[in-house]
Amino acid sequence: MMAGRGGPGGPGGPGGWASRFAPGQKPKNFKGVLRRLLKYYLTEKWTFLIILVFVLGHAAVALMVPMQTRAVIRQLEAGTIYDAAGGMDPILRLALMALVLCYLGGWLSDTLQGVAMAGATQRIVWRLRTGLFGKFQKLPLEFFDTTLHGDLMSRVTNDIDNISTTIAAVTTQLMSVGIILIGSFAMMLRLSPLLTLAAAIVIPLTALLTRFVARRSRPAFIKQQRSLGQLTGIMEESFTGLQIVRAFNRETHVTEQYDAVNQDLQDASTQAQIWSGIMMPFMSVISNLVFACIAGFGGLLAIRGLADVGTIAAFIGYARQLAMPLGNLSAMYNSLQSALAGAERVFEIMDAGEEIPDNIETDGQRPPLQGRIEFRNVDFHYVPGRPVLENVSFTVEPGQTIALVGQTGAGKTTIVNLLSRFYDPVGGQVLLDGRDLRDYKRADLRRAFAVVLQDTCLFTDTVRNNIRYGRPQATDAEVEAACVEAEADAFIRRLPEGYDTMVQGAGSSLSQGQRQLMAIARAILCRAPLLILDEATSSVDTRTEQRIQRAMLNLSRGNTAFVIAHRLSTIRHADRILVVEGGGIAESGTHEDLLALGGVYAAMVKAQVEGLEVH
């Protein structure tokens, strides 16, 4: 069966793609989110243990390189380049070979570390995405009606991508930075405590620079992201509403609006890039300053015989290893903050209240549904204090066709949503064959309904698979028979690939009427005992409407059907018409009975007839 959408948010719901580009924020509960994210890390604990081995190998190689460089320089300084036979001195040869092996080992450990991290990262992200999407299937319809759809898309895509990038970039860096910082500092102290004091100037200078740049770059990046979000929103609205833009000659206005926001984006991006670009040149200046201090102070020590050239060269190598990680720590911290903020948004969805689970056990012996519906003193609201239905009661016998009419927002779709149990009543009961709907498993209940909505939902798939969406096991012959009954077979066969033609999700290659016919065929194929038609013929011409009405009469014969209609000519032959008004059932009866009553329904029919006469 097909699942419908309802409620105040409407089928599409509020929100837009621009929310995907909102700037990241710090997590409200840093430690809690970090602990929770670590649980996902622990699912790959063995992989991370292997990565740690590679990181240790890389760190060991990095710490060995300056010492091997020192050994080579000492040999050259001593003048022992050749042996007695004129070949390269064995000690020098060994030192050079060790240096080459160190570089090869560093390359190999980096490569293996990257391969292992890529696999671990994607498996963690796969678990996050799968868990989040699975959670969406368990959330009540109310959640989607009250949450920005663009924000939900942002959590599935933008936030999880942010987590993915951070896991890959920050994890190994944090591992290696700590090891290399401690190791480099220890080796520097071992080589020369006095030179270590000269190199220590890099720490306060780096901290001050990072703080200075971060304070000025962050507002610029936030402004950049906001402008990018506005720009994306304008683009989305312009593309989706292109026909309206051109119909009202608003191209110039839209272009001017786009140019203004684009200029803001350019200014913000320029400022952000300037400030972020300052960091590395300044770090280079600080590093060179440190190297100059080491070289100058080391030269003095060398003159006094307290250090040799090889030791100074090795020391400069360790100083470089000390300076580079310090410059990256701030960026890594900001990335981690942003990723944890994204993780917090993902976990908010994970923690959202799920649809109340079914606690009913079925023995498989339940008799087929007859289709008797009863609303017994039903109350319902979407927002507390603003009732939509109040004390609604009516009964529908099996096989009857019931039409629901009334003004927009009167509660017609709400009645259907309660029938399908997308929502549960706040008060009273909705019964099917004498049993409260809450005593049925949702899956069993919804299999009993075939639904055709006003806004047809098609999926990116073939025409054939779209029609058998609610009954995947249907044969090709059954699909085609349903299309014949729904008056859809003729136009489908004229498509380039017939029933195997690919349809885009938006159905842009099909007219609204064709999409509606496909939805009706989908409902016919379900052969469900209960039928819901929400403005099912609203988007077809009068001739096609007549054909569809004949098909619907065949479909509803023997089944209980609920028809929501604004075009009152389509529900003249309903067994009963319910006029929904003011949160209740204002009138009830056949078309002739209600016309004779001369009330709300009669006024609606008169208004539509006069409208047709005017046209």
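Laboratory data are not the source of any read-out in this text; all were calculated from the coordinates shown. Note that the structure is predicted; figures quoted are calculated from it, not measured. All Cβ positions, even for glycine, are placed from backbone atoms using ideal geometry, and neighbour counts span all protein chains on display.
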Fill in: Fewest-first sequence of Val503, Val170 by Cβ atoms within 10 Å of each Cβ
Val170, Val503
Worksheet item: For the stretch 373-614, what is the convex hull volume of the alpha-carbon atoms per residue, in Å³?
Response: 136
Item to complete: Please go through the residue pairs Lys31/Lys135; Lys45/Lys441; Lys135/Lys441; Lys45/Lys223; Lys138/Lys223; Lys135/Lys223 and name each one whose alpha carbons sit more than 28 Å apart in this structure.
Response: Lys45/Lys441; Lys45/Lys223; Lys138/Lys223; Lys135/Lys223
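Please report Leu445, Leu530 as a ranked list, fewest other C-beta atoms within 10 angstrom at the top and most at the bottom.
Listed from fewest to most nearby Cβ atoms, that is Leu445, Leu530.
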Response to the item:
Once the dipole of the stretch 373-614 is set up from charges on Cβ (+1 Lys and Arg, -1 Asp and Glu), the residue from the list Phe375, Leu495, Gln400 lying farthest towards its positive end is Leu495
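Treating only the Cβ of Lys, Arg, Asp and Glu as charged (+1, +1, -1, -1), what charge dipole size does the stretch 373-614 show about its Cα centre? Round to the nearest 20 debye.
The dipole of the stretch 373-614 has a size of about 420 debye.
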Practice prompt. Rank these for me by crowding, Glu581, Glu251, Glu592, going from fewest to most other beta carbons within 10 Å.
Written response: Glu592, Glu251, Glu581
Item to complete: For Asp444 paired with Leu96, estimate the spin-label separation in nm (one decimal), with each label point 7 Å from Cα along the Cα-to-Cβ line.
Response: 8.4
Worksheet item: For the stretch 401-499, which GluC sites (Glu not before Pro) are in a loop by DSSP, counting at most 13 other Cβ atoms within 10 Å?
Response: Glu497
